[in-house]
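Structure first, then comments.
The values are calculated or read from the model by the stated rules, or taken from the named source; none is laboratory data. Every value quoted in this text rests on a predicted model; they were computed, and no experiment measured them. Cβ atoms come from the backbone with ideal geometry, glycine included; neighbour counts cover every protein chain shown. These area figures cover heavy atoms from the full protein model, side chains too; ligands, DNA and RNA do not enter into them. Shrake-Rupley method; radii C 1.70, N 1.55, O 1.52, S 1.80 Å.
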Amino acid sequence: MSKPKSPPEHCFNFASSSPVSKFSMEKVLVLIVGAGPSGLAVAACLSELSIPYCIIEREDCSASLWRKRTYDRLKLHLAKEFCELPHMSYPRDTPTYIPKEEFVRYVDAYVDHFNIFPKYSTSVESCKYDEVSNCWDVMAHDKVTDLEIEYTARFLVVATGENSEGIIPEIPGLHDFPGEVIHSSSYKSWNNYIGKGVLVVGCGNSGMEIAYDLASHGVETSVVIRSPLHIMTKGLINLGMKLFNWRLPMKFVDFILVTFANIRFGDLSKYGIVRPNMGPLLLKAKTGRSAVIDVGTVELIKKGFIKVLGPISRIRGNSVEFEDGKECSYDSIVFATGYKSTANKWLKNGESMLNNNGMPKREFPHHWKGENGLYCVGLAMKGLAGISRDAKSVVADIKSVVDSMGPF
């Protein structure tokens, strides 16, 4: 991980500090909240145009989701050509599907290359737009120094991501379950579950891969599948994205993908897996729901090493009851039930851009811009490729405004 350094001049242009102990004020042109891939992409694009900025991050490192809240065997599900951040390619010897450790090294190299100096351990407590100064007033707390910082920013970029906080659904009896209950963001590997029975709730990529990780090492594993889903291979998704980039109609590409997937996997309905009516690319475009990239989970389901179950009705002690009347006992439950944005917890006056769930009101590709110099990056559920597009769009818009405005 890149070590914090003294920030260069562009991070604190226009800055001033109050002499009052434990409080400071800083005037910045662009304030980026979040130093994950989204915030770093914006910082790099601003640097390329010599536009001054400041970037703050609540964790003690960049890309904290990738470093701290992902399982050990994770690889990027898309080919590397669809996962680059702006203005910097991967090294030539990078594998097509990148392991998380290699992606983190890429992020560190990205930070160093663009001379990005996030202010770590700094969390935003409140933010509102000042109609008098035409600026965003942001109150932040440096958790290391206990310093309260008031930022005044002409432009505010929300880059805290769609995966800010894990979701664990409310289930009757869950609080009385005697075993371990975790969100998938806390899961690392099968090592901690030898000799246990584990229920994985959620059938997205994380849930299905965690189920495979457990079952392939002999852990008694069940997975809850509540909704229809597409099962694909990495190769099929890669093919689909290339065909779509060649401007073939999305529905035609989806037809090709589903046809090949049916040939590859056969009819999975007898195993409790049903395909949606909408094709995989259209489903992603309309709802943000991704196809599941199979890593071997389907074969273990077919062989009976992973048991597929339906929705949970309630929990009694260590016994889980399902809506179809089945009942099973478990030692641990892993909830791979997704994440949510937390931007609305601190952002006020953001209703021009975000809905009540902290996600963009406008549909892609017009989602990234609000009013009064407010922007978001990485909230379109389009992955790293979407982050790159968002960052370039946001910075181009900021550049057009900066070129037309007077001194700040």
Residue in the range 277-291 that is among the small types (Gly, Ala, Ser) and over 28 Å from residue 359 (Cβ atoms) present: no
- line: Filtering the range 350-377 down to residues that are over 19 Å from residue 134 (Cα atoms), open to solvent by 10 Å² or more (accessible area, probe 1.4 Å) and in a loop (DSSP other than H, G, I, E, B) yields 355, 356, 357, 359, 361, 362, 363, 364, 365, 366, 368
- request: Could you check residue 171 against (1) β-branched (Val, Ile, Thr); (2) assigned to a loop (DSSP other than H, G, I, E, B); (3) open to solvent by 40 Å² or more (accessible area, probe 1.4 Å) and say which number it fails?
  value: (3)
- line: Going through (1) charged (D, E, K, R); (2) under 20 Å from the mean Cα position of the chain (by Cα); (3) surrounded by fewer than 18 Cβ atoms within 10 Å (Cβ to Cβ); (4) modelled with pLDDT of 95 or more one by one, residue 59 fails only at (3)
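Evaluate the range 291-306: report whether one residue or more is in contact with a helix residue (DSSP H, G or I) (Cβ under 7 Å, 6 or more places away or on another chain), of a type in the set (Asp, Glu) and closer than 24 Å to residue 97 by Cα.
Within the range 291-306, the first condition is being in contact with a helix residue (DSSP H, G or I) (Cβ under 7 Å, 6 or more places away or on another chain), and the residues that meet it are 291-293, 295-298, 300-302, 305-306.
Then keep just the ones that are of a type in the set (Asp, Glu); that gives none.
No, the range 291-306 contains no residue that is in contact with a helix residue (DSSP H, G or I) (Cβ under 7 Å, 6 or more places away or on another chain), of a type in the set (Asp, Glu) and closer than 24 Å to residue 97 by Cα.
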message: I'm trying to understand the selection: among the residues of the range 108-137, which are of a type in the set (Val, Ile, Thr) and either in contact with a helix residue (DSSP H, G or I) (Cβ under 7 Å, 6 or more places away or on another chain) or open to solvent by 20 Å² or more (accessible area, probe 1.4 Å) (or both)?
response: 111, 116, 124, 132
statement: Subset of the range 262-291, residues in contact with a His (Cβ under 7 Å, 6 or more places away or on another chain) and crowded, with 21+ Cβ neighbours inside 10 Å, comes to 280, 291
- prompt: Considering only the range 292-349, how many residues are open to solvent by 70 Å² or more (accessible area, probe 1.4 Å), in contact (Cβ under 8 Å) with a residue 24 or more places away in the chain and acidic (Asp, Glu)?
  reply: 1
